[in-house]
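The values are calculated or read from the model by the stated rules, or taken from the named source; none is laboratory data. All figures in this text were calculated on a predicted structure; none of them were measured in a lab. When we count neighbours, we look across all protein chains shown, and the Cβ atoms used for this are built from the backbone with ideal geometry, even at glycine.
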Amino acid sequence: KRDGTPGLFRISYTGKQAINLPPKAVVEASPHIGFSPMSVQFIASKSQDPEEGSLTYTYDFGDGTATKTLSRAFTSHEYQDPGLYFATLTVIDKSGALDSVTIPIEVDDNNPIATIESPMFGTLLAPGDSVVLQGSALDEEDGSLPDSSLVWDVFARGQRGPCGDDVVYLPILESVQGNKIEVQLPQSNDLEAAVSCDIIVRLTATDSAGIYTPTSRAYHLNV
């Protein structure tokens, strides 16, 4: 008391307590679109804590693998299978305040690679020839593709007129599935007096995901 009388006194503080502001999560992925298997670099260095304290970084990659908790702002992850994934970064400050951000990761299926094995490159063909179409296809995910995944098209491309500037196309084989397929080339009179002619063989391979790739080869036809 102000009169100097001794005693026991309680002092209370009614001021405001300091408020911990939550951090802000920011993450970049490189690349964010690609083909499987795809290795992605995650960089969260732009994440911030308003009090400038240290952060803990937890990644959920969205593909069913285990989450990863780190004290550094960067990491990497490999996506094995094609699909659209949503990766989530959660940053936590020393007081337990947190913030999260989610970004999409698109992993596409690789295109199959189709190879025409017969007729061999450079084979000279003549009207009326019997030709065997044989090929193969490889896919990053499926491996060697079965014959049922192969589709063949064959057509003649002829040039007519005094200067050969009138181009005509004659279908010979259209969208035939399988392998080791025998096809009969047209006779010369079927080409309507073409001054020159090529036979175009096109092989299209399709994988289990429906991704397809065509490849073509031209062979000169002696008319």
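The one condition from (1) of a type outside the set (D, E, K, R); (2) surrounded by 13 or more Cβ atoms within 10 Å (Cβ to Cβ); (3) modelled with pLDDT under 95; (4) out of contact with any Lys or Arg (no Cβ under 8 Å at 6 or more places or on another chain) that Gln187 does not meet is (2). For Ala87, the requirement of being of a type outside the set (Asp, Glu), in contact (Cβ under 8 Å) with a residue 24 or more places away in the chain and not assigned by TED's automatic domain parsing to the domain that holds Ser148 is met. The strands (runs of 3 or more DSSP E) found wholly in region 55-130 and carrying at least 2 residues that are surrounded by 17 or more Cβ atoms within 10 Å (Cβ to Cβ) occupy 56-60, 74-79, 83-92, 98-108, 113-118. Among the residues of region 14-54, those identified as surrounded by 15 or more Cβ atoms within 10 Å (Cβ to Cβ), in a loop (DSSP other than H, G, I, E, B) and of a type in the set (Gly, Ala, Ser) are Ala25, Ser36, Ala44, Ser47.
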